[in-house]
Amino acid sequence: MKLTNLIEPELIKLELESTTKPQVLEELIHLMAETSRIKDRDEFVKAVMDREAICSTGIGKGIAIPHSRNTSITEVTVALGRSRPGIDFDALDNEPVHLVFLLAAPMNAGNVYLKALARLSRLLRMPEFRQAIMDAASKEDIIRIIEERE
């Protein structure tokens with residue numbers, strides 16, 4: 001399983017328009033819905049928001065990895081949103097979030113879901129990877145950067 005199999009250009013937002021955590025999540029979920037990866041958009045929005053209410057997925061260093069398994073998801077998918085000014089995501093370090101990777105999976109995708117979450121976490125620990133994603137000029141560049149480091 002490779003992350004580049006889970007993300008494609010249509011699931012990347014080079015500059016998020018949203019400025020709040022709920023708006024950002026809605027914006028990324030909208031990308032997934034437009035690519036037919038969500039059967040029930042409202043159900044998935046609720047699942048992601050409920051997950052955030054339990055504990056913020058803003059893990060620090062400008063990163064958030066909201067994630068949820070849900071019956072409304074058709075396949076394991078990753079959407080990415082980038083915000084140069086940053087978003088208050090209630091991150092563990094109280095710093096603004098610049099990269100949001102939304103991971104969505106059907107209920108029966110346990111192993112692939114966990115592997116994707118682990119791979120994302122491992123890549124995002126590398127400062128040079130985070131900076132390369134921030135500096136990328138295009139969606140295709142982002143996919144190439146992920147592919148090179150997998």
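What single numbered condition from (1) under 23 Å from Asn94 (Cα atoms); (2) of a type outside the set (Phe, Trp, Tyr); (3) surrounded by 14 or more Cβ atoms within 10 Å (Cβ to Cβ) fails to hold for Leu31?
Every condition holds for Leu31 apart from (1).
From Lys115, Lys61, Lys139, grab the single residue that is farther than 21 Å from Glu8 by Cα and among the basic types (Lys, Arg).
Just a single option satisfies the conditions, and that option is Lys61.
Does any residue of the range 48-64 turn out to be touching a Gly at 6+ places or on another chain (Cβ under 9 Å), crowded, with 16+ Cβ neighbours inside 10 Å and not acidic (Asp, Glu)?
yes
Looking at the range 81-113, which of its residues are acidic (Asp, Glu) and surrounded by 21 or more Cβ atoms within 10 Å (Cβ to Cβ)?
Residues satisfying the conditions do not exist here.
I'd like the full set of residues that are in contact (Cβ under 8 Å) with a residue 60 or more places away in the chain, loosely packed, with under 14 Cβ neighbours inside 10 Å and small (Gly, Ala, Ser), limited to the range 114-145.
Ser121, Ser138
Tell me which residues, restricted to the range 84-100, are in a loop (DSSP other than H, G, I, E, B) and touching a residue at least 12 places away in the same chain (Cβ under 8 Å).
Hits for the range 84-100 are Phe89, Asp90, Ala91, Leu92, Asp93, Glu95, Pro96.
Considering only the range 65-75, how many residues are outside any strand (DSSP E or B) and surrounded by fewer than 22 Cβ atoms within 10 Å (Cβ to Cβ)?
6
Please pick out the residue among Val45, Val78 that is buried (at least 17 other Cβ atoms within 10 Å of the Cβ), in a strand (DSSP E or B) and hydrophobic (A, V, I, L, M, F, W, C).
Val78
State whether one or more residues within the range 139-150 are closer than 22 Å to Glu43 by Cβ, at pLDDT 95 or above, out of contact with any His (no Cβ under 8 Å at 6 or more places or on another chain) and of a type outside the set (D, E, K, R).
No, there is no match, as no residue in the range 139-150 is closer than 22 Å to Glu43 by Cβ, at pLDDT 95 or above, out of contact with any His (no Cβ under 8 Å at 6 or more places or on another chain) and of a type outside the set (D, E, K, R).
List pairs: first in the range 5-28 and within 21 Å of Ser56 (Cα to Cα) and without any contact (Cβ under 8 Å) to a residue 24 or more places away in the chain, second buried (at least 17 other Cβ atoms within 10 Å of the Cβ) and acidic (Asp, Glu), Cβ under 9 Å, 6+ apart or cross-chain?
Listed by first residue and then by second, the contacts come to Glu17/Glu27.
The values are calculated or read from the model by the stated rules, or taken from the named source; none is laboratory data. On a predicted model such as this, the values are computed, not experimentally measured, just so you know. No Cβ is skipped: glycine too gets one built from the backbone with ideal geometry, and neighbour counts run over all protein chains shown.
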